[in-house]
Amino acid sequence: MTTVAALALCGTAATAQTVGFSQIGSESGWRAAETTLTRQQAEKRGYQLQFSDAQQRQENQIAAIRSFVAQGVDAILLAPVVATGWDSVLQEAQEAEIPVVLLDRRVDSSEDLYLTAVGSDLVHEGEVAGQWLVDQVEGEDCRIVELQGTTGSSPAIDRKAGFEAAIADHENLEIVRSQTGDFTRAQGKEVMESFLQAENGGADICALYAHNDDMAVGAIQAIKEAGLAPGEDILVVSIDAVPDIFQAMAAGEANATVELTPNMAGPAFDALEAYWADGTEPEKFIQTESRLYTQADDPQGEYDRRKDLGY
Ligand code: GYE
């Protein structure tokens, strides 16, 4: 009996799974690494990956999901640029019986509308960053400026909440200016320039809290162009642990970062394989670890370990 005939006997010939991936864009080094690792995971597992870059526009993500549904893909990965506005398109995927897995950000839709979400505890990341600054300033007054992530995204909302919770009981710490830099280096630099101008050329700023390293790297450039020493005159704490923040740390220009793994696809594909095999329903949230790194943690070595991972 030929192989094909044998396969036909068991109902369907084994075909590679097709997975649609609606990616936010390439706004940061971390996002680029997530895309690289997702492609690597898909190839390693023999999936056909249909990739869509939304250039940070929700309407492009919704259109991509509708296209994946029309194609009849076997699963959809979605990194949702903002937290709201997904109910309708997630219902369409559910009606087509296509499982959806969220990566690195959350949505306010009902958990019934997606198989699971893979990501970090975004509030905790903000708390870790805030607690580091509390410990660092040791009761000294500290005026903080904040570069927020994309407006309406769950990391911007939750990282802000976590940081504020960590400093709430310390009257010497105050966020005096806060604005979105949309998770990009260019806007991080631009907004930091406005903060510096508004705060006595930066003389009145004690620390920068950036919701991701890319905005921090842009802000570091602005601080240097203002004639100040980032990491000394203005402390710099951010989130992601991308190679370039370790390079800045090694130069004494950044102080702390909270790691976010870019490998969200591994746990996502593991959950999908269990679901495809026998309908196993995973937990609704698969949490990845968050670790603080400072200048004391061999930043050059951390840079070397990450520099070839596709950031
Ligand atoms: O921190 C940032 C990216 O969604 C948590 O998105 C992720 C964030 C990450 O733009 O670099």
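The values are calculated or read from the model by the stated rules, or taken from the named source; none is laboratory data. Keep in mind it's a predicted model, so treat the numbers as computed, not measured. Heads up, the Cβs are rebuilt from the backbone with ideal geometry, glycines too, and the neighbour counts pull from every protein chain shown. These accessible areas exclude ligands, DNA and RNA; they are computed on the full protein's heavy atoms, side chains included. Shrake-Rupley method; radii C 1.70, N 1.55, O 1.52, S 1.80 Å.
With both residues required to sit in the stretch 227-310, DSSP beta bridges show an antiparallel share near 40%.
For a label point 7 angstrom out from the Cα of Val176 toward its Cβ, which stretches of the stretch 220-248 have the backbone nitrogen within less than 15 Å? Answer for this model: 233-235.
Residue ranking by accessible heavy-atom surface, 1.4 Å probe, largest first, among Ile286, Ile157 comes out as Ile157, Ile286. Could you compute the FRET efficiency for Asp53 and Ala198, with r as their C-beta to C-beta distance and R0 at 35 Å, rounded to 0.05? The value I calculate is 0.50. Averaging sequence separations of C-alpha pairs under 8 Å and six or more residues apart, then dividing by the length of the stretch 163-311, give the relative contact order as a whole percent. Computed over the stretch 163-311, the figure is 19 percent. Element breakdown for the stretch 202-291 at a 1.4 angstrom probe: carbon and sulfur atoms account for 44% of the accessible area.
For the stretch 152-311, the antiparallel share of DSSP beta bridges with both residues in that region comes to about 25%. Can you give me the Cα centroid spacing of the stretch 38-94 and the stretch 121-184 in angstrom? Going from one Cα centre to the other spans 31 Å.
DSSP bridge analysis restricted to the chain gives an antiparallel fraction near 5%, rounded to the nearest 5. When Lys224, Lys284 are compared by accessible surface with a 1.4 Å probe, the order from highest to lowest is Lys224, Lys284.
Summed over the residues of the stretch 196-311 and divided among them, the accessible surface reaches 40 Å² per residue at a probe radius of 1.4 Å. Only DSSP H runs of four or more residues enter the estimate; each adds -39500 (n - 2.57), and after division by the residues of the chain the mean residue ellipticity at 222 nm equals -13500 deg cm²/dmol. Overall, the stretch 184-265 carries a charge dipole of about 80 debye about its Cα centre when +1 sits on the Cβ of Lys and Arg and -1 on the Cβ of Asp and Glu, all other atoms neutral. Taking all protein chains together, Asp141, Asp182, Asp108 sort by accessible area into Asp141, Asp108, Asp182, largest first [probe 1.4 Å]. Grab the beta carbon distance between Glu95 and Glu283, set R0 = 22 Å, and tell me the FRET efficiency rounded to 0.05. For Glu95 and Glu283, the calculated efficiency is 0.40.
For Ala186, what charge total do you get from the other residues with a beta carbon under 13 Å from its beta carbon, if Lys and Arg give +1 and Asp and Glu give -1? It works out to a net charge of -3.
Measuring nothing but how far apart in sequence close Cα pairs (under 8 Å, 6+ apart) lie, relative to its length, the chain scores a relative contact order of 18 percent.
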